[in-house]
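Have a look at the structure below before the remarks.
The numbers here are math on the coordinates, done by the rules we state, and not lab data. Since we're looking at a predicted model, the values are computed, not measured. Neighbour counts are summed over all protein chains in view; Cβ atoms, including those assigned to glycine, are modelled from backbone coordinates with ideal geometry.
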Amino acid sequence: MRKKVIAGNWKMNNDLNESISLIKSIKENLVDRDNVKVIIAPPFTSLDRASQLISDANISLSAQNMCYEDSGAFTGAISASMLKSVGCEYVILGHSERRTLFGENNGDVNKKMKKAISSELTPIFCIGETLEERESGEMKNVIEKQVREGLDGISEAELSGAILAYEPVWAIGTGKVATPDQAQEVHAFIRNLLKELYSENLANNTVIQYGGSVKPENAAELIGQPDIDGALVGGACLKAESFVGIIKNA
Ligand code: PGA
């Protein structure tokens, strides 16, 4: 049985002091649930302290992005080994904000995926269509291209354990959540694609999260769908109460 994974993507929110208080408050309210894994992804500047603060809790640490190079003249970039040195186990790759605001393409995401995997960081690989792509009937083509190109050259053994996150761009930060049926349809499509590209075994074992305006009120119904294995949460993870509410309802 696949685990449910609830990950909080803090985006560019919370300085060090704010990060410390949010983590303390998540820890105070957190309830351990057997089949639910909890991950937080604070900004780079808070990772080191976050790692110390969560060391006695059932919370794992993720970064929000990473460079595909090992080291050198890449001003402003952060490497996989730097993330590992501050306690990250996960890294979010290909988030739609990185794609649309910072020009990342499928090829960049593919290089990052390979670097994360070879560095033993678990990628949370994000894919999703824009509203225009959905309305023009291109949704499945776009998602298939993101999956094929993002995973190009990655073997089944390398991909096993990685997390996928389906995040329709039109649902991110907009309050417009995909209906459980809409989300389930795409999750099943992605899982089937994994079966075609890899195997039934990999497809059945891969966690596919939903992301886009997830809140405590809609979490249970979304995560209750057969192919939805948790949530990648933006806005609602910035308050301990709503983040923990989602975990409780997962
Ligand atoms: P949201 O963001 O929950 O604020 O819609 C989700 C995400 O970007 O991962």
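In the stretch 145-204, taking the dipole from charged Cβ atoms about the Cα centre, the farthest positive-side position among Gly150, Ala171, Ala203 is held by Ala171. Each of Met66, Met139, Met82 has some number of other Cβ atoms within 10 Å of its Cβ, and from fewest to most they run Met82, Met139, Met66.
Give me Rg over Rh for the chain, both radii from the alpha carbons and Rh done the Kirkwood way, two decimal places. Numbers along the way, then the final one.
Values: Rg = 16.8 Å, Rh = 18.0 Å.
The Rg/Rh ratio comes out at 0.94.
Once C-alpha pairs closer than 8 Å and six or more residues apart are averaged by separation and normalised to the residue number of the chain, the relative contact order reads 22 percent.
Per DSSP H run of at least 4 residues, take -39500 (n - 2.57); add these up for the chain, divide by its residues and hand me the 222 nm value, nearest 500 deg cm²/dmol. Value at 222 nm, helices only, nearest 500: -13000 deg cm²/dmol.
Simple point charges give the picture: +1 on the Cβ of Lys and Arg, -1 on the Cβ of Asp and Glu, and for the stretch 173-222 a dipole about the Cα centre of about 140 debye.
Treating cross-link reach as a plain straight distance, find the lysines whose alpha-carbon is under 18 Å from the alpha-carbon of Lys111, omitting any fewer than eight places away in the same chain. Here the lysines satisfying the reach criterion relative to Lys111 are Lys84, Lys145. Rounded to the nearest whole Hz, the Karplus-based 3J(HN,Hα) values (6.51 cos²θ - 1.76 cosθ + 1.60, θ = phi - 60°) of the stretch 131-147 follow the sequence 5, 4, 5, 5, 5, 8, x, 8, 3, 5, 5, 5, 5, 4, 5, 4, 5, with x at glycine and proline. Under a Gaussian network description of the chain, with springs only between Cα atoms under 10 Å, the residue in Leu16, Leu131, Leu101 that fluctuates furthest is Leu101. Placing +1 on the Cβ of every Lys and Arg and -1 on the Cβ of every Asp and Glu, with nothing else charged, gives the chain a dipole about its Cα centre of roughly 420 debye. Taken as Cα centroids, the stretch 66-96 and the stretch 194-217 sit 24 Å apart, rounded to the nearest whole angstrom.
Counting Lys +1, Arg +1, Asp -1, Glu -1, what net charge surrounds Ile208 among other residues with beta carbon under 9 Å of its beta carbon?
Its environment carries a net charge of 0.
Among Val91, Val86, Val169, sorting on how many other beta-carbon atoms sit within 10 Å of each Cβ, with the fewest leading, yields Val86, Val169, Val91.
Taken about its Cα centre, the stretch 1-119 carries a charge dipole of about 440 debye when Lys and Arg each add +1 at the Cβ and Asp and Glu each add -1 at the Cβ.
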